[in-house]
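Asker: Sharing a structure here in structure tokens format.
The values are calculated or read from the model by the stated rules, or taken from the named source; none is laboratory data. Since we're looking at a predicted model, the values are computed, not measured. All Cβ positions, even for glycine, are placed from backbone atoms using ideal geometry, and neighbour counts span all protein chains on display. Heavy atoms of the whole protein, side chains included, go into the accessibility calculation; ligands, DNA and RNA do not. Shrake-Rupley method; radii C 1.70, N 1.55, O 1.52, S 1.80 Å.
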Amino acid sequence: MGKSMAQHLMKNGYQLSVFNRTASKADELVKEGAIFAQPIDIAKESDYLFLMLGYPKDVEDMVLGDGILQHMKKGSYLIDHTTSSPGLAERIAEKAQEAGVNSIDAPVSGGDIGARNGKLVVMIGGEA
């Protein structure tokens, strides 16, 4: 789903830096103009960082501890599209607030077909 979402952003003129744990899965995006980079490097440079990972544990590992959150710029936005757990979203929001980062929990519904067609439903939780 993340690849299709990224393609829609790129088609609308946005320059993206992307990462996938299996680098070859990002090859198509790179051919279309995305820059492949490591998560911490993306975190340091991005005003808006979107996640679409497989499981809550993946989100926890990517964001907390030695993850991307501690490298994000103050005032930037962490937007997690992973279907995760409310408790994890709350923990991330607390740590993000401490770091001066805006955290948005934004799981999507619509599956791969919805992502390819640009027809996902996004459920958003965060500060007003």
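Asker: Could you give the semi-axes, largest first, of the ellipsoid that matches the chain, computed as the square roots of 5 times the alpha carbon gyration tensor eigenvalues and rounded to whole Å?
Answerer: On the way: eigenvalues 98, 60, 36 Å².
Whole-Å semi-axes of the equivalent ellipsoid: 22, 17, 13.
Asker: Rg and Dmax of region 78-123 over Cα atoms: what are they, in angstrom?
Answerer: 12.4, 37
Asker: Provide the packing ranking of 100-112, 28-40, i.e. peptides ordered by the mean count of other C-beta atoms within 10 Å per residue, highest first.
Answerer: Working: 100-112: 16.7, 28-40: 14.5.
My ranking of the peptides, most packed first, is 100-112, 28-40.
Asker: Stretched out fully, how many nm does the piece from Asp58 to Arg116 gain, at 0.36 nm a residue minus the Cα gap?
Answerer: Extra length from Asp58 to Arg116 when fully extended: 18.6 nm.
Asker: Relative to the present Cα-Cα distance, how much length would full extension add between Asp47 and Lys25 at 0.36 nm per residue of separation?
Answerer: Separation in residues times 0.36 nm, less the Cα-Cα distance, equals 5.5 nm.
Asker: Identify all lysines with a Cα-Cα distance to Lys95 below 22 Å; exclude those on the same chain that are fewer than 8 residues away in sequence.
Answerer: Within the straight-line cut-off, Lys95 pairs with Lys44, Lys57, Lys73, Lys74.
Asker: Here's something else I'd like to know. Please list, in order along region 47-61, the HN-Hα scalar couplings obtained from phi with the Karplus expression 6.51 cos²θ - 1.76 cosθ + 1.60 (θ = phi - 60°), rounded to whole Hz, x for Gly and Pro.
Answerer: In residue order, the calculated couplings are 7, 10, 10, 9, 10, 9, 10, x, 9, x, 4, 4, 5, 4, 5 Hz.
Asker: Round to a whole number: what % of the accessible area of the chain belongs to carbon and sulfur, probe 1.4 Å?
Answerer: Values: 4030 of 7930 Å².
The C+S portion of the solvent-accessible surface of the chain is 51 percent.
Asker: Determine the dipole magnitude for region 1-118: charges of +1 sit on the beta-carbon of Lys and Arg, -1 on that of Asp and Glu, nothing else is charged, the reference point is the Cα centre, and the result goes in debye to the nearest 20. Kindly include the intermediate steps, with their values, before the conclusion.
Answerer: Details: 12 positive and 16 negative charges, 54 e Å.
For this selection, approximately 260 debye.
Asker: With viscosity set to 0.692 mPa s at 37 °C, what whole-number translational diffusion coefficient in µm²/s follows for region 2-42 from Stokes-Einstein and a Kirkwood radius over Cα pairs?
Answerer: Here the translational diffusion coefficient equals 324 µm²/s.
Asker: Based on the alpha-carbon gyration tensor of region 52-101, what equivalent-ellipsoid semi-axes (square roots of 5 times the eigenvalues) come out, in whole Å, largest first? Could the numbers behind the result be given before it?
Answerer: Numbers: eigenvalues 58, 23, 19 Å².
Largest first, region 52-101 gives 17, 11, 10 Å.
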